[in-house]
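As structure tokens, the structure follows; a few thoughts come after it.
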Number of protein chains: 2
Amino acid sequence: MQKPLILVTNDDGITAPGIRNLVAFMNEIGDVVVVAPNSPQSGKGHAVTIDSTLSFEELHLEGSQKDFSCSGTPVDCVKIALDKILTRKPDIVVSGINHGSNSSINVIYSGTMSAAVEAGVEGLSAIGFSLLDFSWEADFLPAKHYIQNIVKRILENPLPKGIVLNVNIPKLSKDEIKGVKVCKQADAKWEESFDERINPHGKKYYWLSGYFNNMDASDDADETALANGYISVVPVKFDLTAYEYLKELNGVLNF
Amino acid sequence: MQKPLILVTNDDGITAPGIRNLVAFMNEIGDVVVVAPNSPQSGKGHAVTIDSTLSFEELHLEGSQKDFSCSGTPVDCVKIALDKILTRKPDIVVSGINHGSNSSINVIYSGTMSAAVEAGVEGLSAIGFSLLDFSWEADFLPAKHYIQNIVKRILENPLPKGIVLNVNIPKLSKDEIKGVKVCKQADAKWEESFDERINPHGKKYYWLSGYFNNMDASDDADETALANGYISVVPVKFDLTAYEYLKELNGVLNF
């Protein structure tokens, strides 16, 4: 039997520890092809490269997989992998493991999740993985078997059209992780406070700064699961229509 | 009575004809402050500037509004406007008028809509406007009264928390536009085909190319409304949870 074909990408760049760990985990499950950005792309959201060109080159990194380094964003990587690099349709697309959380509202800013969403738009099962640890020395091993098991289950039960998974992993040891919890996206936001500085020429400039404000204490929210030691899994859709508001909006815009 | 405060932004850049038209339309409704990118930012999705700094400067352009040109993405513009430029909370945030469609799946790639979504995350009523005409000479006037009426109605009926509007306008004369239709996001996608070229040094490079594939002929889809001569209005939410799949996913991931 042919092994499943797994496309791996990320937004921290092809050499980031997070993706190298994910590649090692996936090599034990299927045939792996990596197409990932040649530089960090965090916070790029669903950006695509329209006004400039793209290129990619094959690297020869350790492991049994094929590695392609691409000049574009995570979304570009998925597009070019499907159109120009892969010779057959992948059975699943996995993105990450991101260095840092993509839970709750972070999903909309996340390059990791945008790559997964792009794969979903292409009709593929796709999962984004993120670890709640920004460090380049982060330990991805405690979540290894959970990540592998989630991927295996989705290979056996492909996701419905229009849905991808957002998986976030708490920064805990293997013994401390309590399990996997299916969740909704918590109602949370970043409270901005730009850090104002003055450059040597006397002109003001700003660093984006702020703090995370979780406004959602419900049991089924991803932030709650993570705080309680669980790996959170949110099914994410990209039909953004607020169906529940259509009728009322018809009344408001009844010209 | 105090006039409503209207924050205007876009993704084509502060000097684009689309935003200058929107500013002129909004000047007839309220007090306008413009905070928009100093360069085109199309296709930037929900990108934010994390790894570099931001700056802005006041310009003195024609009209009664205040104009600030910002070095960042559309999302950065909304964030810095709310934190550093505006002295009171805006009554509404309008983004656009985009040169080109943001209907159906385009919403997820759109800087115009990301600015509106960011305003929604901040708890504000927000609307993204797009005209189905990429030309810099596009005629925005046929939609003037529709745009003004939609903004006035939303000022009177603020949007519920978590919802913003995606308004797309067909490229038609005033007489040809049939009216406004509340819609769902059509099920559509871009079929990629990268255009391969060879640079003077013999290395391959690619331009993103392809065609738009509308797979949704339903009466209530935005693409259908636009094709039939209507302005489409889709209420868009940023809680991406696929609630309808939670129960089944619980079964799939029942370890």
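The values are calculated or read from the model by the stated rules, or taken from the named source; none is laboratory data. Quantities reported herein were computed from a predicted structural model and do not represent experimental measurements. Positions of Cβ are generated from backbone atoms using ideal geometry, with glycine treated the same way; all protein chains shown enter the neighbour counts.
Return the pair list, or none, for Cβ contacts closer than 9 Å from residues in segment A:63-86 that are over 14 Å from residue A:49 (Cβ atoms) to residues that are β-branched (Val, Ile, Thr) and surrounded by fewer than 19 Cβ atoms within 10 Å (Cβ to Cβ), at least 6 apart or on different chains.
A:66/A:85; A:68/A:85; A:69/A:15
Pick from segment A:57-73 the residues that are surrounded by 21 or more Cβ atoms within 10 Å (Cβ to Cβ) and modelled with pLDDT of 95 or more: which of them is nearest to residue B:208 (Cα to Cα)?
Going through the qualifying residues, I end up with A:70.
Among (1) of a type outside the set (Ser, Thr, Tyr); (2) part of a strand (DSSP E or B); (3) facing chain B (nearest Cβ under 8 Å), there is one condition residue A:168 misses while meeting the rest; what is its number?
Answer for residue A:168: the failing condition is (3).
Out of (1) in contact (Cβ under 8 Å) with a residue 24 or more places away in the chain; (2) within 14 Å of another protein chain (Cβ to nearest Cβ), what's the single condition that is false for residue B:57?
Answer for residue B:57: the failing condition is (1).
Could you say which residue among A:116, A:138 is of a type in the set (A, V, I, L, M), within 20 Å of residue B:114 (Cα to Cα) and in contact (Cβ under 8 Å) with a residue 24 or more places away in the chain?
When all the criteria are applied, what remains is A:116.
Considering only residues of segment A:193-217 that are aliphatic (A, V, I, L, M) and touching a helix residue (DSSP H, G or I) at 6+ places or on another chain (Cβ under 9 Å), which is nearest to the other protein chains (Cβ to nearest Cβ)?
Among residues in segment A:193-217 that are aliphatic (A, V, I, L, M) and touching a helix residue (DSSP H, G or I) at 6+ places or on another chain (Cβ under 9 Å), the one nearest to the other protein chains (Cβ to nearest Cβ) is A:208.
Restricting attention to segment A:90-126, which residues are more than 12 Å from chain B (Cβ to nearest Cβ) and among the charged types (D, E, K, R)?
The one that is more than 12 Å from chain B (Cβ to nearest Cβ) and among the charged types (D, E, K, R): A:91.
Only one of A:226, A:246 is surrounded by 12 or more Cβ atoms within 10 Å (Cβ to Cβ) and without any contact (Cβ under 8 Å) to a residue 24 or more places away in the chain; which?
Result: A:246 is the single residue among A:226, A:246 that is surrounded by 12 or more Cβ atoms within 10 Å (Cβ to Cβ) and without any contact (Cβ under 8 Å) to a residue 24 or more places away in the chain.
Hey, among the residues in segment B:229-243 that are surrounded by 13 or more Cβ atoms within 10 Å (Cβ to Cβ) and of a type in the set (Phe, Trp, Tyr), which one's farthest from the other protein chains (Cβ to nearest Cβ)?
B:230
Condition test on residue A:129, is it away from chain B (no Cβ under 11 Å), assigned to a loop (DSSP other than H, G, I, E, B) and either surrounded by 22 or more Cβ atoms within 10 Å (Cβ to Cβ) or out of contact with any Leu (no Cβ under 6 Å at 6 or more places or on another chain) (or both)?
In short, no.
Among the residues of segment A:55-71, are any under 18 Å from the mean Cα position of the chain (by Cα) and either in a helix (DSSP H, G or I) or within 23 Å of residue A:169 (Cα to Cα) (or both)?
So far as segment A:55-71 goes, no, none of its residues is under 18 Å from the mean Cα position of the chain (by Cα) and either in a helix (DSSP H, G or I) or within 23 Å of residue A:169 (Cα to Cα) (or both).
Name the residues in segment A:172-192 that are more than 7 Å from chain B (Cβ to nearest Cβ) and either in contact with a Ser or Thr (Cβ under 9 Å, 6 or more places away or on another chain) or surrounded by 22 or more Cβ atoms within 10 Å (Cβ to Cβ) (or both), would you?
A:181, A:183, A:186, A:187, A:188
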